[in-house]
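The block underneath contains the structure these notes are about, expressed in structure tokens.
The values are calculated or read from the model by the stated rules, or taken from the named source; none is laboratory data. Note that this is a predicted model, so its numbers are computed, not measured. Backbone-built Cβ (ideal geometry, glycine too); neighbour counts: all protein chains shown.
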Amino acid sequence: MRNKRGYLGDLQGFINLDSLVDIVSNNVGILIILAVFMAMFSLLEKSEQVPTTEQSIENIEKLKIPWSHVSQKNNLLLLLRNDRLLFFDRALVYQRLKKYLSGSDPLPTNISLDQYSIELTAGGGHAHCLEFFPSPRAGQWWHQVSQHNGLMQTLMKKYPTEENYFFFWVDPDSFDLFREIRKSLWEKRFEVGWKPVRIESPLRYCSGDDQTRRFQPQ
């Protein structure tokens, strides 16, 4: 009788042990399944967040910081005052002066052109200074300058970007317009330099390496 009870007790212990193993195995299996599902959900959440990250990257605006640098290109001098743009054509000035170089007449100190006059100061050799004096209300409005056959289109066609850059004298009231003009020139791959001026500021250009460094593009 005792043997029978002992056998049954041992059998019951084996059954309980097997049941416990099954329970543990089932729990481990459930944990594994849960871990797999959690990993899948984590991957899905990451994949959903990727477009947001990409979108935030696309919304980052590039900021171009102008930095002055030395250039061997020819500079085109312009004045932006009261939202009017005036081009100082140095090539035209030199053409006017050229006829005096081969003659006996002295170089004139003042030259009058269409919308501005020039005061010439000659130095040693080929050194010289040109000071520009705009006429009252000289220049054109931006809607005139930016037309298909306007001043800016004419200058960009006549003076290629590989050999020329634009330099602006800008008064405080015209800075917003200058930024628009500079942006449009940058889009055309032109370099642009500028200097703030007031109504009483001299508009002077002098030849020579030391002087031309004041007219560097950015």
Subset of the range 116-141 (residues that are within 19 Å of R198 (Cα to Cα) and among the hydroxyl-bearing types (S, T, Y))
Y116, S117, S135
Identify, by number, the condition in (1) surrounded by fewer than 13 Cβ atoms within 10 Å (Cβ to Cβ); (2) over 23 Å from Y116 (Cα atoms) that K158 doesn't meet.
(2)
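Let me confirm something: among K73, K46, which residue is farther than 23 Å from F133 by Cβ and at pLDDT 85 or above?
Working: K46 fails: at pLDDT 85 or above.
Result of the check over K73, K46: K73.
Does I111 count as surrounded by fewer than 17 Cβ atoms within 10 Å (Cβ to Cβ), in contact with a strand residue (DSSP E or B) (Cβ under 6 Å, 6 or more places away or on another chain) and of a type in the set (V, I, T)?
Working: surrounded by fewer than 17 Cβ atoms within 10 Å (Cβ to Cβ): yes; in contact with a strand residue (DSSP E or B) (Cβ under 6 Å, 6 or more places away or on another chain): yes; of a type in the set (V, I, T): yes.
Answer is yes for this residue.
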Please enumerate the residues belonging to the range 92-106 that are farther than 14 Å from S207 by Cβ, surrounded by 12 or more Cβ atoms within 10 Å (Cβ to Cβ) and of a type in the set (A, V, I, L, M, F, W, C).
L92
Can you find a residue in the range 188-201 that is under 20 Å from the mean Cα position of the chain (by Cα), crowded, with 18+ Cβ neighbours inside 10 Å and assigned to a loop (DSSP other than H, G, I, E, B)?
yes
Yes/no for A127 being surrounded by 13 or more Cβ atoms within 10 Å (Cβ to Cβ), modelled with pLDDT under 90, on the phi < 0 side of the Ramachandran plot and of a type in the set (G, A, S)
no
